[in-house]
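One structure below.
Where a number appears in this text, it was derived from the coordinates with a stated rule and is not lab data. Every value quoted in this text rests on a predicted model; they were computed, and no experiment measured them. All Cβ positions, glycine included, derive from the backbone under ideal geometry; neighbour counts span all protein chains shown.
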Amino acid sequence: MKQALIIIDVQNDYFAGGTMELVAMDEAALNCQKLLQSFRDESETLFHIQHIATRPGATFFVPDTPGCEINEKVQPRGDEAIVVKHFPSAFRDTELHQLLQQDGIEELVICGAMTHMCIDTTTRAAFDLGYQCRVISNACATRDLEFDGRTVRAAKVQAAFMAALSVPFAKVSSTDQFLAER
């Protein structure tokens, strides 16, 4: 089954000093980097997804700011595709689906950020489009959320979303598990 790596929104605003810092983003990015290197080594299809904010009042991924740039840990090479999106799903109003179809891709390996937003939305959209999905749990990052006057810690957000995606939307595994199976 032909795979493609989808690296979603590993952009500077999610790292320390950015305007939307995520918990464990450095660890997630290093795992994305391992996946990226594996796909590069095998000359396999991969896509960098970059979110550029177009919503009025956006506080992160603002166009033409350093925070909007793809982080150096997963910096695209000149021949690697960058798909720009303006919504949580990497498929909404982008050419991603068409590019995947042109390449005969059947399975997506998904990593990046934010778990509870763009990873979740993109994985569910991919499933609906008929792709088999692999979500690499420790190559994804999220943040604390607020609900009903309570703080939900990032670790619990991460666990809840990975559990929810694991059936039927994706096979969820760690970077090492995935790489060992290749």
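Out of residues 5 or more away from residue 144 or on other chains, whose amide H comes under 5 Å of its own, with H placed 1.01 Å from N in the peptide plane?
Here 23, 154 satisfy the definition.
What ranking do 59, 122, 175 get, fewest neighbouring Cβ atoms within 10 angstrom at the top? Spell out each step's value before the answer.
Numbers: 59 11, 122 27, 175 21.
Lowest to highest Cβ neighbour count: 59, 175, 122.
Provide, for q = 0.10, 0.15, 0.17, 0.19 Å⁻¹, the log10 of I(q)/I(0) from a solvent-free Debye sum over equal Cα point scatterers in the stretch 69-168.
Values returned for q = 0.10, 0.15, 0.17, 0.19 Å⁻¹ are -0.31, -0.67, -0.85, -1.03.
Using only the alpha carbons of the chain, what is the convex hull's orientation-averaged projected area in square nanometres?
Values: hull surface 41.6 nm².
Across all orientations, the chain yields a mean hull projection of 10.4 nm².
Quote to one decimal, in nm, the extra length available between residue 180 and residue 41 on full extension: 0.36 nm per residue of separation minus the C-alpha distance between them. If you can, show how the numbers build up before the last one.
On the way: separation 139, 0.36 × 139 = 50.04 nm, distance 1.48 nm.
Length gained between residue 180 and residue 41: 48.6 nm.
In debye, nearest 20: dipole of the stretch 3-181 around its Cα centre with unit charges on the Cβ of K, R (+) and D, E (-)? Present the calculation step by step, with values, prior to reporting the outcome.
On the way: 14 positive and 25 negative charges, 100 e Å.
Dipole magnitude for the stretch 3-181 comes out near 480 debye.
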